[in-house]
Structure formats: structure tokens, C-alpha cells
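First the structure, which I've put down as C-alpha cells, then a few questions once you've had a look.
A short reminder: the numbers here are calculations on the coordinates, not readings from a lab. This is a predicted model, so every value here is computed, not measured. Heads up, the Cβs are rebuilt from the backbone with ideal geometry, glycines too, and the neighbour counts pull from every protein chain shown.
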Amino acid sequence: MSASFRLRAAFAAAALLALDACTVRNVSVPHHADIQQLPPVHERAFSPSFDCGEAASAVQDMVCGSTTLSALDKELAETFRRQLRDADLIGRDQLLATERHWLVTRRRACNIPPARQQDLSPDPALEACLARLYRDRIAAVAAWSAPSHADAISPVAAYVAIKGAEYRDDALCTPLSQIFETAIQRSGAIDPAHLPELVELAGTHGPAAAAQPFRLAVAGYEGGADQSYQLRARALYVGEGQQPALDQTAFTKWIKAQPNAGGRFSLTASDTKDFASIDIIRYGNRLLALAVEPWGYYSPAAIGESSYAGIFEILGPGQVEPRCLYKSYLRPPVQAGFDSLPNYRELKALLQSLQGQSPEELDPNDRRAAHLFADEIDWTLLNLPLIGTAEVRQGNWAGWLHHRQDAIWDALFAWSERDLASKRLFRKLVALARPAADELAQAYRQTQELHPGEAQQAAELLLLELFEHSVGSYPGSAAIESGKPAAFVTYRQRFATAPAESDLAAGRAVRSLHSAVLDRLPDEAIAAYLRYEFQTPGHTHSTGAGGDTTLMAAIDQPELVARLLQAGADPNETNAWRKTPLMAAAAFDQPEAAKLLLDAGAGIDAGTVAWSADENGVPMFRIYTGGRTALMYAAAGAHPALIRLLLDHGAKPQMRDSAGRTACDYLKENPALSDAEMRDSSALLCR
């Protein structure tokens, strides 16, 4: 996955952008998660782009049961991967966003029932609808065009340089190094087919084989999602023999023979023991092979290690001799330094806690691929910021990024309206966005010597990606339907990358007392909603997601709790899992609000019921145990004053939830207490 430029050739795919290698680190998505063992493999007669034995959705069942749909699915996959390989970093991200949108909407677009198909003979009408969707999508992806990059110097040149490691033929190696360096400066890639000094005969950037002056062949393959579907190379064959003339074994021996073992901690730069590319070229009257290693985020190489590229001279069948060994230097990433930035670190942790589950329409392999691509893009923007900022400018991507940014903030604001916990977390995110962006910009200036404006752009681009990858499954945030970059060129943004909360709330209609309380509207507005909801005969009181009451939304505003109770709010009204306002006060450590509720008659020992709910793949509520009381909520997160208040009003510490836990058990999880407070609270609850 080349999270940066698509350095489609030699050193580019190799040293460069960290993502053209192989194995993934720190990705926890299981490859075969949630796969139902439905009809056996032999019953799925057709061959789409995926293994029908691992079909995981109703749509995939239909595809596996239709020769037409199987052929269209394979054609779409091939077209999509080809375009993905050719796209720049920002274009890849947009193409991936449109693909995700298509995947998660296609079932509903054709009204395909979500239940898995035991009978693999698709309904003709549904099959015809899905076939139309596939053809439209194939046409849209095929029409995708990569932006032209008109800048005189490629941003890749800021990170990559070609240095000689061992020259066995100076007359050959020195001019070739200059050719390669010029190519990187000009286009960020080394494609022998586009270098006038070289003639491409066969290989990664040309035909797989050539017959003259004898059989020449490169064994290549298309990598999976963890290799960005890149075309890779395994070995070089010269002559009719079955043994390769060059593979990773020979290449590694050459590197290890260098001083200090070539500075390598691993035997190869790729866990799959392959090459980013092998090209057979003619330079003057010499027949050569250029072999390039992959290197980067997906490779086992340690940070700061170099990848290598080698020139081998082909002398005859089975005869290949090493001539030039080059190091491809990548500026060592400073990722650990970024993790030490307090605001950025806290913002990243909050976004990870927000991350929704992938929509059910995405099969396990789609989910895994989405994780890989997200990690790749984030890594590149963090460590190679000039790649992202240059591509925004060169590809005219600013309009689309602004559109996407506005969609993310709209989705986050809508999500924040569901309950008080969401609103409080939302406010933390908004408050952290600007300090985190400023920290990142300062770090870019110090570590990468970026100009202030460019550093700020790089920081904001990274934050945009982090937000999108965390809330991309939220309703509204993935609604990017157009596959044409020109669709958003003239888009005018509504929000800054790090907006103020007031800017996000401005102009939005508030339609209920619950929302008015969450958004802390002025007193006169609250009074108007109170009159409407409590003095209009037969009017139903507004609630948030999961049935959270307005009292729960106001629990951190005691004066508003008093006004609601005076207006007639029921202190014992519960939400969908029977959580009460008193439990909310205990959960948010609000002793003043708790006292008001108790004085108004709130029940002290009410318990919840077990509950679990999602909304469009977004985690909503996870209450897997019933019987939780206000005292248990207080024990888990409140200070001793609130615990004492509940006990003084008769709360029973010996009560147990449905898992058998008491308030004393919950107390052990309380992160808010000092050692002294923990001792005091234990004395109260653990008797």
C-alpha cells in the first residue's frame, strides 16, 4: 500500500513511502471473522473476486449464485485495483471512500433482504438490479482519472535519495545513479519504460517475458490488500532453466556482505521475500536487471533502516552477475516523537474510543482492507507530510477535502445529540482539535523543517484523516457519492478543520427540550421549550437516543434539574434499559443533582436491565449486565461525597447485579479516587 505517492517503480516503491511492502503490524481485524458456514464450497459454482466459500453476506450469496454477477464482480475488482494502483494518496482516499459507500448501500439500493441465502438461485429482479449497480460502478471507476502533477520537483525527493553502497563497475553504476536520482526528483518514481536512457524489455513495468537474446522472464503477482494490490516480483529467470537466476536469497547475501551487514536487522525487507519490482533493461549495449526491495510501514525493517536496489548484468542463460548496489534512504520517521504530544495523544485516544463498528454490509475481508488502507494513509501523512500537502495542491483536492470535513463535523454533531455522555465527549474533541493541530504543526516545523503554512496544512490534513477513519461508519460521514474529483472543486467549506463548538451549532434547528438542554441554550429558549413540553396537553416529552430523558441530559446542570422537577419532570422516568436520572447523576458524579432528585422522590435501589444496541454500525449502548443500581454507578466513578449521600438515603451496598457484582466490586474500577478516598469508600461499601 503506498500511502504516499504511488512510487510505481524501482526505488520508489521500495524505499519510499513506507507502504509497498508486506505484512501488517498492529492490525487486529481477524481475516475470517463472522463468516457463516452456509452452503458448502462445491455448491457455489461461479468464480467472483472473492472466495465463495467465505461469502459473508446476502449480496455475496447472490453473486456466488449467478454467473453474470460473478463476472461483473471480478471485472469491478480488477478495475478498482488497477485504478487504486495509479491514484495518488489523496485520490486513493477518495476512491476508497466512494467504494465503501457503494459497498454499504448496494443491498438497500436493490431491496435485497439481509437474511443469508440458503438457495443460491437469485431472484431475477434482484439479480437484474444488482447487475445494473455493478455496471454503473464499473463505468464510474473506469472513468476515474489520476490528477496530473505539474510541479517541477516531486515531494518524494524530500525523503528519498539514491546512494551507492557497492560499485563493481564505476563506469556503469555512477551514471545510472544519476539517472535514477533525476527520475525521483522529476516524478517521484523510477519507471524504466519512461526513462529515455533505458530500454524496458520485460518485468514489472513491461511485459512479463521477452524472448531475445534468450528467454527473459520475471515472475510477478498482484499482492493483496496488505500490499496495496501492488504488482510485485518474486524472481528473475534467464534461459530455459527452472531455477531463478535471481531471487531474494542472492540479493540478501550481497547486502549481508556489506560492512556492518548492510545495517540490516532483518534478512529481507519483505516478509513475503519478494521485490517491489524487477525490470530487465538495456542500457547502451549492456543487458541488465534492476531489482528493488520494498520497505516501510508494512515491512519488518526497523525504523531508520535502508532498503536496497541492485543492478545485475545478464551475461547469458543462467548467468547473472552483481554490478551496482544502491541504498535508498528514507528520512527516519519521528512517530515516537508525535506520540509524546499531549493534546494529539489525547485526541487520538478519544477518536479511537469513538470508532464505530464496520457496517454489516462490509464482509470481513472488506473490513480488513479498510483498516490496512486507513493505517497506511495515516502513517504517511504523519511521517511524510510533504507528500500529502503537495498532492492536495497538485491534484486540486482542496474542495473535496473541505466537503468531506464538513460531512464529518455534521455527523459528529448529530451523534453528540443522542445523550449527555456523547455531548461531553464531543466537547472534548472540539476543544482538543485546535491544540492538537498546533502541536503537530510545531513538530513538523521542528523535525521536517516545514514552513509554518505548510506545517499547518499537513497537521490539519492528518487530523481530517484521523477523524474520518474514526467516525467513517457514522451516519452521514461516508456519504460521498460522486466518483469524479471535479464534483467538489468549487465546494465552499462551512467549518474550519478545528472549529469552535459555537460555529458547529450555529444555524442548526433545535426541535426538542432534550436537544435544547444538551446544547445549553439561553434561559429564555429553555423556558419556551419547558412551556411547550409540560404545558401542552397530551404532548410527549422528548428523549434522546435509547430513551434518555431530559433530566438525564441536564444532570450536570443542577439549576436546570431543579427547573425541570418544578415543571413536572418525573425523577423516576427511565430510558430503554431502565436507567434512572439518579443513576445518571451517580455516573457523572453530580451530588447536587442527586440530592435534588432524592428530595423529589427518586427511587434509591432501582436497577437496570441488560441491554445492547447499535445504530448503523455505530456503538450505542453496551449494558451487558442488569441490576446496576445508582450506588454501583457511583462506586465505579464518583467521589466519596456522592457515595455517602446515597448510603444516607438508604442505598444497600449488599445488592448484586445480574453478574453477581456488588458496589464494592465496582469500586475497584473507580479511576477518580485518591488512595485515601479509596480507603474511605472501601470502608463504606466493602463491609
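Hey, got a sec? Which GluC sites (Glu not before Pro) in region 166-200 land in a DSSP loop and have at most 15 other Cβ atoms within 10 Å?
In loop regions of region 166-200 (DSSP not H, G, I, E or B), the sparsely surrounded GluC sites (Glu not before Pro) are Glu197.
Sticking with this one: Taking the Cβ-Cβ separation of Ala209 and Arg393 as r and a Förster radius of 45 Å, what is the calculated FRET efficiency to the nearest 0.05?
0.65
Next question, about the same structure. Using 0.36 nm per residue, how much length does the chain from Asp339 to Thr536 gain when fully extended, once their Cα-Cα distance is taken away?
65.5 nm
Figure the gain on full extension for Ser612 and Arg82 (residue separation times 0.36 nm, minus the Cα-Cα span) and round it to one decimal in nm.
Gain on extension, Ser612 to Arg82, equals 186.7 nm.
May I pose another question? Normalised by the empirical 2.2 N^0.38 Å for globular proteins, what value does the Cα Rg of region 159-330 take?
Region 159-330 yields a ratio of 0.96.
7 Å from Cα along Cα→Cβ at both Gln352 and Ile153: what's the point-to-point distance in nm?
3.7 nm
Please identify every one of the trypsin sites (Lys or Arg not before Pro) in region 107-213 that sits in a loop by DSSP and has no more than 15 other beta carbons within 10 Å of its own beta carbon.
Taking region 107-213 and a limit of 15 other Cβ atoms within 10 Å, the loop trypsin sites (Lys or Arg not before Pro) found are Arg116, Arg168.
Moving on to the next point. How long is the gain from Ser674 to Asp570 if the chain were fully straight, where each residue apart is worth 0.36 nm and the alpha carbon distance is subtracted?
Taking 0.36 nm per residue and subtracting the Cα distance, the gain is 33.9 nm.
For Trp611, list long-range residues whose amide hydrogen, built 1.01 Å from N in the peptide plane, is under 5 Å from its own amide hydrogen.
Long-range HN contacts for Trp611: Ile623, Tyr624, Thr625.
Still on this structure, I have one more. Translational D (Stokes-Einstein, µm²/s) of region 551-685 at 25 °C and 0.890 mPa s when Rh comes from the Kirkwood sum over C-alpha pairs?
163 µm²/s
Hey, another quick one. Which of the chymotrypsin sites (Phe, Trp or Tyr not before Pro) found in region 622-687 are in a DSSP loop and have at most 13 neighbouring Cβ atoms, other than their own, within 10 Å?
Of the chymotrypsin sites (Phe, Trp or Tyr not before Pro), the ones in loops of region 622-687 whose Cβ has at most 13 other Cβ atoms within 10 Å are Tyr624.
Here is a further query. Apply 1/(1 + (r/R0)^6) to the Cβ-Cβ distance of Glu197 and Ala421, taking R0 = 60 Å, and write down the FRET efficiency to the nearest 0.05.
E(calc), rounded to 0.05, equals 0.40.
Set the Förster radius R0 to 35 Å, insert the Cβ-Cβ distance between Met655 and Ala496 as r into 1/(1 + (r/R0)^6), and round the FRET efficiency to 0.05.
After rounding, the FRET efficiency stands at 0.10.
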